[in-house]
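Step one of this worksheet: look at the structure below.
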Amino acid sequence: MAASEGPLKGVKVLDLSRILAGPTCTQLLGDLGASVIKIENPATGGDDTRQWGPPYVTDADGNRSDLSAYFMSANRNKKSVALDIATKKGQAEIRRLASHADILIENFKPGGLAKYGLDYATLSQDFPSLVYCSISGYGQTGPNASKPGYDLMAQGYGGIMSLTGDPEGAPMKVGVGIADVMCGMYASVGILAALRHRDLTGEGQQVDLALVDSQIAWLINEGVNYLTSGNVPQRRGNGHPNIVPYDVYETSDGHVILAVGNDGQFRKLCDFLGQPELADDPRFVTNPARLEHRDALNAILRPAVQRLDTRSVISGLEAVKVPVGPVQTLDQVFDTEQVAARNMQISMQTQPGKVNLIGNPLNLSRTPVTYRSAPPTCGADTDWVLNAENPFDD
């Protein structure tokens with residue numbers, strides 16, 4: 001494939017979003033070949049995450065750029081245009097770009113763009129085929145629509161923090177901005193569905209995404225456990241609400257993950273630990289029984305595993321096909337042959353210098369993702385885009 005190709009080649013995205021949810025979505029669309037123009041406010045130094053460091057990329061002389069690691073995590077394959085949409089000129093330029101675009105994505109508070117004439121109701125009158133995606137904390141409707149939304153608040157309001165952390169500790173957020181990231185993923189799916197409808201009918205539409213809605217959606221089994229039973233789930237640390245043993249266990253030199261999904265695997269685990277009788281104990285013979293007697297089983301398993309070193313547990317259980325794995329730090333993660341084989345670490349050349357980034361996990365056999373341009377410095381493409389007849393051209 002030519003470097004400029006991809007399954008979304010020719011799709012034009014006008015990105016008015018910042019922070020993480022919107023940029024995650026538009027980076028994914030860009031990786032798939034779409035042409036993305038990112039609008040940044042020059043009065044604030046651009047996307048807020050440009051200030052969310054260190055670490056930053058520095059040039060050969062050690063001078064700090066505006067490329068924070070946080071910003072770079074979600075902003076490759078985009079052109080950056082410094083434009084103040086609060087001005088008449090900025091609004092006119094956005095409308096000009098929207099006239100060329102297939103998709104507009106924004107994450108202002110509901111109604112926040114109406115005063116600039118850049119809201120969905122206004123733009124859809126002039127550009128009825130435009131797919132307009134709005135991301136906000138609580139969505140465009142409901143009693144909380146006007147409230148601001150951030151990842152941590154979404155994790156708290158949407159319940160995932162009540163399920164995360166040590167059973168005896170405080171509620172705990174997930175270690176990264178997962179509510180933002182998953183909202184961006186849902187947004188990309190919604191946008192592509194709306195784009196399919198537009199291609200069939202010529203009709204655009206608004207895609208309304210809320211951080212809280214998407215976080216509630218990925219409560220998955222725990223959410224439905226509650227809706228089915230009426231019992232509020234409790235924090236179990238690394239334990240699984242529906243499977244035992246499925247947890248992190250301490251070894252003599254570290255930790256391992258055991259993920260025993262059926263009774264046959266449990267019997268193999270017991271044999272490996274030299275305690276085959278456990279597999280026939282009425283308390284542990286089936287997974288529902290093991291769930292009922294979780295604490296009693298773990299009181300036996302934990303000291304048995306702790307007597308062994310990590311390598312022995314992993315190699316021994318892998319040999320008998322019992323799911324097991326390590327708990328790796330990020331230096332170990334990115335040093336693995338698996339990461340190299342799957343191209344999950346990539347290098348790109350930015351204006352200040354070379355950077356390492358996380359690769360896209362999508363592997364399409366005919367139209368693979370492409371990495372065409374590194375995360376831009378703020379306003380790097382302003383002159384070109386504002387003066388180009390076809391501003392989305394690569």
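The values are calculated or read from the model by the stated rules, or taken from the named source; none is laboratory data. These numbers were taken from a predicted model, which means no experiment stands behind them. In this analysis, Cβ positions are derived from the backbone assuming ideal geometry, glycine residues included, and neighbour counts consider all displayed protein chains. Accessible surface is based on the protein model in full, side chains and every heavy atom, while ligands, DNA and RNA are left aside. Shrake-Rupley method; radii C 1.70, N 1.55, O 1.52, S 1.80 Å.
So if we plug the beta-carbon distance of THR58 and ALA319 into 1/(1 + (r/R0)^6) with R0 = 56 Å, what FRET efficiency do we get, rounded to 0.05?
Working: r = 47 Å, r/R0 = 0.84.
Efficiency, from the Cβ-Cβ distance: 0.75.
When we measure straight from the Cα of LYS78, which lysines land under 21 angstrom away, once same-chain ones fewer than 8 places off are left out?
Once the sequence-local lysines are set aside, what remains near LYS78 is LYS9, LYS12, LYS38, LYS354.
When ligands, DNA and RNA are left out and all protein chains stay put, how many square angstrom of accessible area per residue does the range 124-163 have with a 1.4 Å probe? Intermediate values should be presented prior to the final figure.
Values: 1860 Å² over 40 residues.
So the range 124-163 comes to 47 Å² accessible per residue, rounded to a whole number.
Ranked by accessible surface with a 1.4 Å probe, highest first, in what order do TRP218, TRP52 come?
Working: TRP218 45, TRP52 115 Å².
If we order TRP218, TRP52 from most to least accessible, we get TRP52, TRP218.
Excluding MET348 itself, calculate the net charge of residues whose Cβ lies under 11 Å from the Cβ of MET348, where each Lys or Arg counts +1 and each Asp or Glu counts -1.
Working: positive: ARG76, LYS354, ARG372; negative: none.
So the environment of MET348 carries a net charge of +3.
Could you tell me the relative contact order of the chain? Use alpha-carbon pairs under 8 Å, at least six residues apart, and round to a whole percent. It would help to have the intermediate numbers written out before the result.
On the way: 712 pairs, mean separation 81.4, N = 394.
With pairs under 8 Å counted, the relative contact order is 21 percent.
If amide hydrogens are placed 1.01 Å from N in the peptide plane, which non-local residues have theirs closer than 5 Å to the one on PHE127?
The list, which skips near neighbours in sequence, is empty: none.
First select every other residue whose beta carbon is under 11 angstrom from the beta carbon of PRO110; then total the charges, Lys and Arg +1, Asp and Glu -1.
Working: positive: LYS109, LYS147; negative: GLU106, ASP119, ASP208.
For residues surrounding PRO110, the net value is -1.
Using a 10 Å cut-off on Cβ atoms, rank the peptides 352-365, 312-325 from the highest mean neighbour count down. Walk me through the numbers on the way to the answer.
On the way: 352-365: 13.4, 312-325: 15.8.
So the peptides 352-365, 312-325, ranked by packing, come out 312-325, 352-365.
7 Å from Cα along Cα→Cβ at both LEU291 and ASP253: what's the point-to-point distance in nm?
3.7 nm
Non-local amide H neighbours of CYS133 (under 5 Å, H modeled in plane, Pro and chain starts lacking H): which ones?
LEU104, ILE105, GLU106, VAL207
Taking only DSSP H segments of four or more residues, each worth -39500 (n - 2.57), what value at 222 nm results for the chain once the sum is divided by all its residues, to the nearest 500 deg cm²/dmol?
-10000 deg cm²/dmol
Contour minus end-to-end for TYR226 and ASP48, with contour as 0.36 nm per residue of separation and end-to-end as the Cα-Cα distance?
Values: separation 178, 0.36 × 178 = 64.08 nm, distance 3.72 nm.
Stretched out fully, the TYR226 to ASP48 stretch lengthens by 60.4 nm.
Expected output is a single nm value to one decimal: the length gained when fully extending between VAL189 and LYS147, i.e. 0.36 nm times separation in residues minus the C-alpha distance. What is it?
Values: separation 42, 0.36 × 42 = 15.12 nm, distance 2.50 nm.
This chain segment gains 12.6 nm when fully extended.
Of SER188, SER373, which has the most accessible area and how do the rest follow, probe 1.4 Å? List each step's numbers first, then the result.
Details: SER188 10, SER373 45 Å².
Highest to lowest solvent-accessible surface, that is SER373, SER188.
Restricting the count to DSSP beta bridges whose residues both fall in the chain, what percent are antiparallel, rounded to a multiple of 5? Provide the component values of the computation, followed by the final result.
Numbers: 15 of 37 bridges.
About 40 percent, rounded to the nearest 5.
If you project the alpha carbons of the range 205-269 onto the principal axes, what extent comes out on each, in Å, largest first?
Dimensions of the range 205-269 along the principal axes of its Cα atoms: 55, 29, 23 Å.
At a probe radius of 1.4 Å, what is the per-residue accessible area of MET161, in Å² to the nearest 10?
40 Å²
Give me the log10 of I(q) over I(0) for the range 235-394 at q = 0.09, 0.19 Å⁻¹, as the Debye formula computes it from C-alpha points; what are the numbers?
-0.51, -1.16
Taking all protein chains in place and a 1.4 Å probe, what share, in percent, of the accessible surface of the chain do carbon and sulfur account for? Before the final figure, lay out the partial values.
Working: 10460 of 19670 Å².
On the chain, the fraction of accessible area on carbon and sulfur atoms equals 53 percent.
May I ask you to give the solvent-accessible area per residue for the range 219-353, in square angstrom, as obtained with a 1.4 angstrom probe?
Working: 7880 Å² over 135 residues.
Solvent-accessible surface per residue comes out at 58 Å².
Ranked by accessible surface with a 1.4 Å probe, highest first, in what order do LYS12, LYS78 come?
Numbers: LYS12 55, LYS78 5 Å².
The ranking, largest first, comes out as LYS12, LYS78.
What does the accessible area of VAL232 come to, in Å² to the nearest 10, when a probe of 1.4 Å is used?
Its heavy atoms expose roughly 100 Å² to the probe.
Sorted from largest down, give the three principal axis spans of the alpha carbons of the range 106-227, whole angstrom values.
Largest first, the range 106-227 extends 56, 32, 25 Å along its Cα principal axes.
Suppose each label sits 7 Å from its Cα in the direction of the beta carbon; what would the GLU389-THR367 distance come out to in nanometres?
Simple spin-label model gives 2.7 nm for this pair.
So what does PHE392 come to for accessible area, using a 1.4 Å probe and Å² rounded to 10?
10 Å²
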